[in-house]
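I have placed the structure first, in the form of structure tokens, so that the comments after it can refer back to it.
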Amino acid sequence: MAEYTFFMSSGRKWALTLGITTLLIAVAFQVPQWIQDASPLYRGIPVHLNSDEAQYQARVEEALQGRPEQSDEAFVGDATLRGTQPALLEVVIGTVFRPTGLTAPQVLDLLDSIIPPAIFLLLWFFLRRGGFSRALAFGGALAFIVINFYGLNRPIHQGGSFLVMLAAIVCITEGLERHYAWGILGGILLGSLFGVYFWSWSVAWAWLGILLAVSGVEFIWRRRLKIPSSELHGTQLISIACIGLAAALPFILHTAQVMQSPLAAAAAFRSGMTFTHLPESWVYSGLFTLMAGGAILSLWQRGTWKRHRYALAFLFALFIAIHQQVVHGIVLDFVSHYTLSMALAAIITVLLAITHRSLWTACAGIAACIYLAGLSYDGRYALSFFHADPARFSEQHFADLLPVLDHLPRERILTDPDSSLFIASTTKDDVVYSLYLQNVVMSNEELATRYCLTQLPVPPDQRHIADQSWWKMPAKKWMPIPRAYSRPTASMQSCGIRRAIRSGT
């Protein structure tokens, strides 16, 4: 009875610790915005903290405005254009929050106190299922949040998609170990990842594939030796995979339909698809080879790999994901899109080195620490969130314009590139061009024309046209610079521009 009472007391203490930590994380992610709002430079225009957030704001804004079908192409407002990257997560978020009347910046600000705390809790559960103690799981989950503070702030991807991926994996492990109903939910989430983010579903499905492969090998081995059935739940894994494929089918068919367009090849190339079998980063390849090799060699020798099979499967899934081009020869720039999954794989390696001390795990742990140190250095920019940098308030001059735009009918507006991104992500209006149109199924000529139009109000010495990455494509005959500049009126009409504004500070 005394042992039972102590156990319950210990469980309550951990529940309280997790609850308090989750609350502190939610508050910590709001502090930067509170600091910006308190600045005398703030005039009511939401301040950007992450370089990618405006893109996701625009996609969420479409769903908030009741146009979820356009979330994958959230800039020019042309129903005939489709993006190569689905926007399932943005559609769900926009649809859920639409009745609240919140704007996209307000929604993303609120999600900062929902997504990171939820990731922290799911990480704790996953690391516990991965065979680690409560203390190590807590330390690993908290370290993940701290190291990735910048990446988890504001953007739907990577944080939101990582949350869905992690939820799918945790549900599957719960379904295998406890109640199969969790496995069904995990399979559905696994399939939905096809409509969320390539860099999330590729890791999650590789993780499931590794568990299936290990289960199949062990089943054959046990059958030969006439040993009782495997503990790796092969039948359940197969059924979960089938559920996942069924849930993924609508998104697979949608993507296949979009890619049938004759312009899809150009969009794919502009999105960063290149062809090579070589690793994208030799540094990453070397570090993660040490991590994966050291971990499996140590645990296989000790015979304890089953205890950590879910964690090890994730480490190897990540290793496969960042080297997939070695097999199929297509690189989807950049490997850094796997940053959150790579961070988790490195943390798993460190926890394995702490739990099982050997030469192999020590080498793997050192490689993981080197990677995490580099990631922490790259994320040091998050420290700037905690003071009001005047450079972040460059868009406050829109405070007088936004009320006017809100009362006018929806328009397609021409302005400079920086202002275009702001208008698309903060208002109901559409714009002519955004850098993210490179992912949309349109011709190179039309994209270049739209870009050139946005340069008309920009002084020539500030245009920096040659700096555009997609501008440096091998074939340049399609660049219609002279036409866009010599016949701006015709080009404006062809792009459906109904209003033009001039940005000023």
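The values are calculated or read from the model by the stated rules, or taken from the named source; none is laboratory data. Owing to the predicted nature of the structure, the values given are computational and were not obtained by experimental measurement. Counting neighbours? That spans all protein chains shown, and the Cβs are built from the backbone with ideal geometry, glycine included. Just so you know, the surface numbers come from the protein's heavy atoms only, side chains and all, with ligands and any DNA or RNA stripped out. Shrake-Rupley method; radii C 1.70, N 1.55, O 1.52, S 1.80 Å.
Whole-Hz Karplus ³J(HN,Hα) for the range 417-426, in order, using 6.51 cos²θ - 1.76 cosθ + 1.60 and θ = phi - 60°, x for Gly and Pro?
Those phi angles translate into x, 5, 5, 4, 5, 5, 5, 5, 8, 10 Hz.
Rolling a 1.4 angstrom probe over the protein chains, ignoring ligands and nucleic acids, what is the accessible area of ILE114 in square angstrom, nearest 10?
Roughly 80 Å² of ILE114 is accessible to a 1.4 Å probe.
For ARG380, ARG499, what's the largest-to-smallest order of accessible area, 1.4 Å probe?
Highest to lowest solvent-accessible surface, that is ARG380, ARG499.
Output the antiparallel fraction of DSSP beta bridges having both residues in the chain, as a percent to the nearest 5.
Roughly 50 percent of the beta bridges in the chain run antiparallel, per DSSP.
Quick one: which residues, 5+ away or cross-chain, put their amide H under 5 Å from the amide H of ILE413? H built at 1.01 Å from N.
Here the answer is ASP430, VAL431, VAL432, since their amide H atoms fall under 5 Å of that of ILE413.
Might you work out the accessible area of HIS254 for me, using a 1.4 Å probe with all protein chains in place, and round it to the nearest 10 Å²?
70 Å²
Need one number: the % of Cα-Cα pairs in the range 54-172 sitting beyond the 21 Å mark.
For the range 54-172, the fraction of Cα-Cα distances above 21 Å is 44 percent.
Kindly report, to the nearest 10 Å², the accessible surface of HIS277 as traced by a 1.4 Å probe over protein heavy atoms only.
100 Å²
What part of the accessible area of the chain, given as a whole %, is carbon or sulfur when the probe is 1.4 angstrom?
Here it works out to 66 percent.
Can you find, among PHE398, PHE385, TRP360, the residue farthest towards the positive end of the dipole of the range 340-463? Put +1 on the C-beta of Lys and Arg, -1 on that of Asp and Glu.
TRP360
Return the long-range amide H neighbours of HIS233 (sequence gap of 5 or more, or a different chain), with a cut-off of under 5 Å between placed amide H atoms.
Amide H to amide H, under 5 Å and 5 or more residues apart or across chains, HIS233 pairs with nothing.
Under a point-charge model restricted to the Cβ atoms of Lys and Arg (+1) and Asp and Glu (-1), what is the dipole moment magnitude of the range 345-466 relative to its Cα centre, in debye to the nearest 20?
Result for the range 345-466 is approximately 620 debye, rounded to the nearest 20.
Is the C-alpha gyration tensor of the range 346-429 telling us rounded, prolate or oblate? Criteria: a/c under 1.5 is rounded; beyond that, a/b larger than b/c is prolate, otherwise oblate.
prolate
With only alpha-carbon atoms counted, please give the Rg and Dmax of the chain, in Å.
Spelled out, the Cα radius of gyration and Dmax of the chain are 24.7, 88 Å.
For ILE93, ILE243, what's the largest-to-smallest order of accessible area, 1.4 Å probe?
Descending accessible area places them as ILE243, ILE93.
Compute the angle between helix 234-259 and the longest alpha-carbon principal axis of the chain, please, reported from 0 to 90 degrees and rounded to the nearest 10.
That helix lies at roughly 10 degrees to the long axis.
Could you rank TRP221, TRP360 by how accessible they are, 1.4 Å probe, largest area first?
Descending order: TRP221, TRP360.
Using a 1.4 Å probe, what is the accessible area per residue for the chain, in Å²? Show your work: numbers first, answer last.
On the way: 23080 Å² over 505 residues.
Computed with neighbouring chains in place, this is 46 Å² per residue.
Helix 339-355 versus the longest principal axis of the chain: what angle, 0 to 90°, nearest 10, using Cα atoms?
Helix 339-355 and the main axis of the chain meet at about 20 degrees.
What is the dipole size for the chain, taken about its Cα centre, with +1 at each Lys and Arg Cβ and -1 at each Asp and Glu Cβ, in debye to the nearest 20? Don't skip to the end; give the middle numbers.
On the way: 37 positive and 33 negative charges, 300 e Å.
Roughly 1440 debye, rounded to the nearest 20.
Can you pull the Kirkwood radius for the range 1-124, inverse mean 1/r over Cα pairs, to one decimal in Å?
On the way: mean 1/r = 0.0586 Å⁻¹.
Final number for the Kirkwood radius of the range 1-124 is 17.1 Å.
Taking the Cα atoms only, what angle lies between the long axis of helix 309-321 and the longest principal axis of the chain, rounded to 10 degrees?
40 degrees
Please report, in Å, the Rg and the Dmax of the range 139-237, where both are computed over Cα atoms only.
Using the Cα atoms of the range 139-237, the pair Rg, Dmax is 16.2, 54 Å.
What 222 nm value per residue comes from the helices of the chain, counting each DSSP H run with n ≥ 4 as -39,500 (n - 2.57) and dividing by all residues, nearest 500 deg cm²/dmol?
One gets -19000 deg cm²/dmol as the mean residue ellipticity at 222 nm.
Once phi is turned into θ = phi - 60°, what whole-Hz ³J(HN,Hα) does the Karplus curve with 6.51, -1.76 and 1.60 give for every residue of the range 431-443, x standing for Gly and Pro?
Ordered by residue, 3J(HN,Hα) equals 10, 8, 8, 8, 4, 6, 5, 4, 8, 8, 6, 9, 6 Hz.
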